[in-house]
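Beneath this line is the structure, given in structure tokens, with notes to follow.
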Amino acid sequence: MFTAEPPQEPLPYGRWGEALGEHFARAAETEVDVESIAWFPDRTWNGRTYVPATAPADGGEVFGYVSYTREHEGAQATDFDATADYTEETAEQNPDWSLDLSDEEIGRWRGPEGRRGIVTLVWGVALVSDGVAATTELGPTTTDQCTLVDDRFTLVSLDAYTGDYVEVRLYGARGAELARESLYEDE
């Protein structure tokens, strides 16, 4: 039903976490303690698996992802790529936030009648308690869903399509909406 595959593996740890962490630290171009990296659930889109990450750095936070491909399920990961950026805006400095979100464009999409959109990787942390699932919404349509793992989630969604822009929603166990936030500061 959704564009991306649901998460397939547990959060990275051990040697796999260290290997991904080395790629992420190189992309960050700043001092990143590999052991302090917070990993998010993996998502696979268009044959490439994305594993988002954040890490504290120099009074702010480094955020980004490591991605890779596999020839088939169970094969060695190859063709690694990593992206990282830095922000001074952190959840600790913004106690009014209910979701701490990061996003990155990972592709383009062409639809009928010449319509175009952007495929966006979104990852975040639920900062309110009792969340169980996060979704992306594009206008009236739910475009992706992810069960929270340690209050973290990863989503892949079409964005900027037919005048609609992604909004992330957090839901509790009984289906009640607990939080909602746009990827854009000014809606």
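The values are calculated or read from the model by the stated rules, or taken from the named source; none is laboratory data. All figures in this text were calculated on a predicted structure; none of them were measured in a lab. Neighbour counts are summed over all protein chains in view; Cβ atoms, including those assigned to glycine, are modelled from backbone coordinates with ideal geometry.
Things worth noting here:
- Answer from Ala25, Ala77 - the residue that is in contact with a Ser or Thr (Cβ under 9 Å, 6 or more places away or on another chain) and either under 27 Å from Thr3 (Cβ atoms) or surrounded by 20 or more Cβ atoms within 10 Å (Cβ to Cβ) (or both): Ala77
- Within the range 69-108, being outside any loop (DSSP other than H, G, I, E, B) and in contact with a Leu (Cβ under 7 Å, 6 or more places away or on another chain) holds for Ala91, Leu99, Asp100, Leu101, Asp103, Glu104, Ile106.
- Where Glu105 falls short, out of the listed (1) surrounded by fewer than 14 Cβ atoms within 10 Å (Cβ to Cβ); (2) farther than 19 Å from Asp42 by Cβ: (2)
- Qualifying residue in the range 163-182 (condition: closer than 21 Å to Ser67 by Cα and either buried (at least 18 other Cβ atoms within 10 Å of the Cβ) or not assigned by TED's automatic domain parsing to the domain that holds Asn46 (or both)): no
- From Pro12, Pro52, Pro7, residue being in a loop (DSSP other than H, G, I, E, B) and touching a residue at least 40 places away in the same chain (Cβ under 8 Å): Pro7
- From Asp159, Asp79, residue being out of contact with any Pro (no Cβ under 9 Å at 6 or more places or on another chain), at pLDDT 95 or above and within 27 Å of Phe24 (Cα to Cα): Asp79
- In the range 15-43, the residue that is farthest from Thr90 (Cα to Cα) out of those that are assigned to a helix (DSSP H, G or I), small (Gly, Ala, Ser) and in contact with a strand residue (DSSP E or B) (Cβ under 6 Å, 6 or more places away or on another chain) is Ala27.
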